[in-house]
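Q: Before I ask anything, let me first share the structure, which is written out below as structure tokens.
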Amino acid sequence: MGLLRTTAIGALLVLATGCGPWVSFAMAEGGRPAFDTVVVDAGHGGEDHGARSPGGLAEKEIVLDVSRRLAARLRAQGLSVKLTRQDDRFVPLETRTSLANAAGADLFVSVHANSAGTARPKGVETYFVSLDASDAGAGRLARRENSAFAGEPSLTAAADPLAALLGDLVVTEHVHESSEFAKLVQGELAGLGGGDVRGVKQAPFVVLMGVEMPAALVEIGFLSNAEDEGELRSARHREAIADSIARAVVAFGRRYDARRGVEQSILGLGAAR
């Protein structure tokens with residue numbers, strides 16, 4: 001049995017029995033530093049175009065633009081922001097999740113654009129991770145987004161029962177905060193008007209399963225819908241999307257600090273106005 005597996009099993013025993021050095025770490029959780037690092041993940045890239053509108057608008061281009069705008073707004077709030085990609089290139093799943101985990105990020109935001117088999121669906125949706133999709137549409141979307149990473153070693157490793165169990169523990173630890181953030185995002189985006197308010201949903205997105213922090217995936221509109229496509233072509237609308245997500249991040253960050261008793265929050269009371 002390898003060292004990594006032995007260590008993992010030991011970690012599971014500690015969590016199950018409630019004893020060992022991990023308990024002191026949990027008890028000292030209130031001493032964590034302030035909310036200060038966000039990873040923004042622009043979906044797709046390079047040879048992976050993602051969804052494409054009837055007029056030829058590619059998901060990878062739209063989400064990169066929104067992600068850059070979002071990063072700029074968060075940096076203006078004093079936050080440290082890491083982008084999983086800053087240009088038109090494909091970034092493997094493991095690279096995206098490793099970047100977030102290595103940065104010790106407090107939040108992971110993945111930006112995508114949706115598509116449907118008909119032109120009727122429109123509007124924004126926000127997802128947090130679950131092993132089971134909240135509805136059939138969420139399941140189809142997760143399968144489509146996950147297919148971009150098909151064949152990667154990190155997906156193959158997930159078939160290992162122990163790895164899956166450890167993954168479940170990580171997901172459980174952050175699922176409540178992820179749900180909270182997803183609701184904040186959806187509330188802000190709903191305020192833009194113009195599209196359907198499709199709500200907060202759950203689905204097994206692999207990019208959310210690999211990160212060790214609260215995380216959400218934001219679908220900013222349907223490229224298969226003419227109205228949504230027209231809005232996403234507008235720089236003003238993309239700016240409004242970035243502003244909305246930034247407000248949700250700041251609101252979540254303040255709650256995050258308050259729960260941990262942080263007195264010197266980076267996010268001042270006048271932020272994001």
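Q: Take SER80 and decide whether it is crowded, with 19+ Cβ neighbours inside 10 Å, modelled with pLDDT of 95 or more and polar (S, T, N, Q).
A: Judged against the criteria, SER80 is not a match.
Q: Another one. May I ask you to verify whether ILE220 is crowded, with 22+ Cβ neighbours inside 10 Å, assigned to a helix (DSSP H, G or I), among the β-branched types (Val, Ile, Thr) and in contact (Cβ under 8 Å) with a residue 40 or more places away in the chain?
A: For ILE220, the condition - crowded, with 22+ Cβ neighbours inside 10 Å, assigned to a helix (DSSP H, G or I), among the β-branched types (Val, Ile, Thr) and in contact (Cβ under 8 Å) with a residue 40 or more places away in the chain - is not met.
Q: State yes or no: is ALA72 surrounded by 12 or more Cβ atoms within 10 Å (Cβ to Cβ), more than 25 Å from ARG238 (Cβ to Cβ) and either modelled with pLDDT of 65 or more or acidic (Asp, Glu) (or both)?
A: In short, no.
Q: Output the residues belonging to the range 127-149 that are under 26 Å from GLU188 (Cβ atoms) and either of a type in the set (Asp, Glu) or modelled with pLDDT of 95 or more (or both).
A: ASP135, GLU145
Q: If you go through the range 238-268 one residue at a time, how many are in a helix (DSSP H, G or I) and free of Cβ contacts under 8 Å to residues at least 12 places away in the same chain?
A: 2
Q: Shifting gears a bit: Just give me the residues in the range 45-61 being without any contact (Cβ under 8 Å) to a residue 40 or more places away in the chain, assigned to a loop (DSSP other than H, G, I, E, B) and more than 13 Å from PHE90 (Cβ to Cβ), in sequence order.
A: GLY56 - this is the single residue of the range 45-61 that is without any contact (Cβ under 8 Å) to a residue 40 or more places away in the chain, assigned to a loop (DSSP other than H, G, I, E, B) and more than 13 Å from PHE90 (Cβ to Cβ).
Q: Quick one: would you say GLU212 is touching a helix residue (DSSP H, G or I) at 6+ places or on another chain (Cβ under 9 Å), surrounded by fewer than 21 Cβ atoms within 10 Å (Cβ to Cβ) and of a type in the set (Asp, Glu)?
A: Judged against the criteria, GLU212 is a match.
Q: I'd like the full set of residues that are closer than 21 Å to ALA246 by Cβ and without any contact (Cβ under 8 Å) to a residue 24 or more places away in the chain, limited to the range 86-127.
A: Across the range 86-127, the qualifying residue is only GLN86.
Q: Go through the range 150-185 and give me each residue that's of a type in the set (Gly, Ala, Ser), modelled with pLDDT of 55 or more and either within 15 Å of the chain's Cα centre (by Cα) or assigned to a helix (DSSP H, G or I) (or both).
A: Hits for the range 150-185 are SER178, SER179, ALA182.
Q: Can you tell me which of (1) under 15 Å from VAL40 (Cβ atoms); (2) within 18 Å of the chain's Cα centre (by Cα) is the one ALA138 doesn't meet?
A: (1) is the only condition that ALA138 fails.
The values are calculated or read from the model by the stated rules, or taken from the named source; none is laboratory data. None of these values were measured; they are calculated from a predicted model. Methodologically, a virtual Cβ is constructed for each residue, glycine included, from the backbone with ideal geometry; neighbour enumeration extends over all protein chains shown.
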